[in-house]
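In what follows, a single structure is set out as structure tokens and then discussed.
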Amino acid sequence: MEGMKAIANKYGLKVNKQSDLGPFEWKRRMGIHLAFHRDPVNIFLHAIFSIVNAWALLLIFFPFQVPGVSVFSLQVDVAMLLLCVVFMIYAMLDVGAAILVTGAYALTYPLCALVMELLQGSTGLMVALGVFLTFFSLAVQVFIGHNIAEKGIDDAVENFKELFESKNPIYFILLPFYTYLDLLFLAGYKPEKAKFIWSMTDELRPKLEAELKAE
């Protein structure tokens, strides 16, 4: 067992364990995930580079059309379909935040056509650029955000282990949503929900910091 459940068991987390945690137990997952993301620099880097990550995925899927599907005579590509799927997943957690976050991702979509033109319509180069940007943005978040700003407090390994063990990409797709929803909470959005989720963060974060000092 890897991922959020492994972290919860390792640190003996009990706050709100028996509460209604929503689809995918997302509230507990978010509370645990945020415990690894409390440094302002790390939060800023995740907010910026999660957009880059989203754009990278759109670049990868933009060249591929969905056969026989069009909207208002506009051929639907897989990047459009990906945006719709991401919105539906996020909306299961919070509709208002889903609109804002997916809207931010969608703002990068027009750049895909521009890049495709600059690359002279090369699907291979589009995919290669998207893959490069994905690894680059993840590297910035891990090596600068976590290794430097958070002083080594990081859940990336558990997140990837869970992805490969469960073969369920939804858990991974939700990770950037937690960052943006956290920022909305900090701005005063849904304070009761924020308090519920932060209570789990507040249980775990001191344990992570104590473990770091003990090393």
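Which residues, taken from region 193-215, are among the small types (Gly, Ala, Ser) and touching a residue at least 60 places away in the same chain (Cβ under 8 Å)? Explain how you work it out, then say what you get.
Initially, region 193-215 is screened for residues among the small types (Gly, Ala, Ser), giving 194, 199, 210, 214.
The one that is among the small types (Gly, Ala, Ser) and touching a residue at least 60 places away in the same chain (Cβ under 8 Å): Ser199.
Please work out if Asn168 is of a type outside the set (Phe, Trp, Tyr) and surrounded by 14 or more Cβ atoms within 10 Å (Cβ to Cβ).
So Asn168 fails the test.
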Out of Val41, Val52, Val69, which single residue is surrounded by fewer than 13 Cβ atoms within 10 Å (Cβ to Cβ) and either in a helix (DSSP H, G or I) or at pLDDT 95 or above (or both)?
Val41
Need pairs with beta-carbon distance below 9 Å; first residue β-branched (Val, Ile, Thr) and within region 155-171, second in a helix (DSSP H, G or I) and surrounded by 12 or more Cβ atoms within 10 Å (Cβ to Cβ); sequence gap 6+ or separate chains.
Ile170/Phe24; Ile170/Ile89
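Would you check if Leu111 is assigned to a helix (DSSP H, G or I) and surrounded by 19 or more Cβ atoms within 10 Å (Cβ to Cβ)? Steps first, answer last, please.
Details: assigned to a helix (DSSP H, G or I): yes; surrounded by 19 or more Cβ atoms within 10 Å (Cβ to Cβ): no.
No; evaluated as a whole, the condition is false for this residue.
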What are the pairs with Cβ atoms under 8 angstrom where one residue, in region 104-120, is under 19 Å from Val76 (Cβ atoms) and the other, located anywhere, is in a helix (DSSP H, G or I) and of a type in the set (Phe, Trp, Tyr)? Sequence gap at least six, or different chains.
Tyr105/Trp55; Thr108/Trp55; Leu111/Trp55; Cys112/Trp55
Residue list for region 174-215, filter: surrounded by 17 or more Cβ atoms within 10 Å (Cβ to Cβ) and either β-branched (Val, Ile, Thr) or not in a helix (DSSP H, G or I) (or both)
Thr179, Ile197, Thr201
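Out of everything in region 18-30 that is within 15 Å of Lys195 (Cα to Cα) and not aromatic (Phe, Trp, Tyr), what residue ends up being nearest to the chain's Cα centre (by Cα)? Write out each step before concluding.
We begin by selecting, within region 18-30, every residue within 15 Å of Lys195 (Cα to Cα); these are 19-21, 26-30.
Cutting the leftovers down to not aromatic (Phe, Trp, Tyr) gives us 19-21, 27-30.
Values: Ser19: 24, Asp20: 22, Leu21: 18, Lys27: 14, Arg28: 15, Arg29: 12, Met30: 10 Å.
Across region 18-30, the extreme among qualifying residues is Met30.
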Go through region 141-165 and count every residue that is in contact with a Leu (Cβ under 7 Å, 6 or more places away or on another chain), in a helix (DSSP H, G or I) and surrounded by fewer than 16 Cβ atoms within 10 Å (Cβ to Cβ).
1
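Going by what's in this entry, would Ala47 be described as out of contact with any His (no Cβ under 9 Å at 6 or more places or on another chain) and either among the basic types (Lys, Arg) or under 22 Å from Glu192 (Cα atoms) (or both)?
Details: out of contact with any His (no Cβ under 9 Å at 6 or more places or on another chain): yes; either among the basic types (Lys, Arg) or under 22 Å from Glu192 (Cα atoms) (or both): no.
Considered against the rule, which asks whether it is out of contact with any His (no Cβ under 9 Å at 6 or more places or on another chain) and either among the basic types (Lys, Arg) or under 22 Å from Glu192 (Cα atoms) (or both), Ala47 comes out as no.
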Considering residues of region 119-140 that are more than 18 Å from the chain's Cα centre (by Cα) and surrounded by 13 or more Cβ atoms within 10 Å (Cβ to Cβ) only, the residue farthest from His46 (Cα to Cα)
Ser122
Based on what the data block shows, is Ala149 among the hydrophobic types (A, V, I, L, M, F, W, C) and either modelled with pLDDT under 95 or closer than 28 Å to Val86 by Cα (or both)?
no
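The values are calculated or read from the model by the stated rules, or taken from the named source; none is laboratory data. In this text, all values refer to a predicted model and were calculated from it rather than measured experimentally. We place every Cβ from the backbone using ideal geometry, glycine too, and count neighbours over all the protein chains shown.
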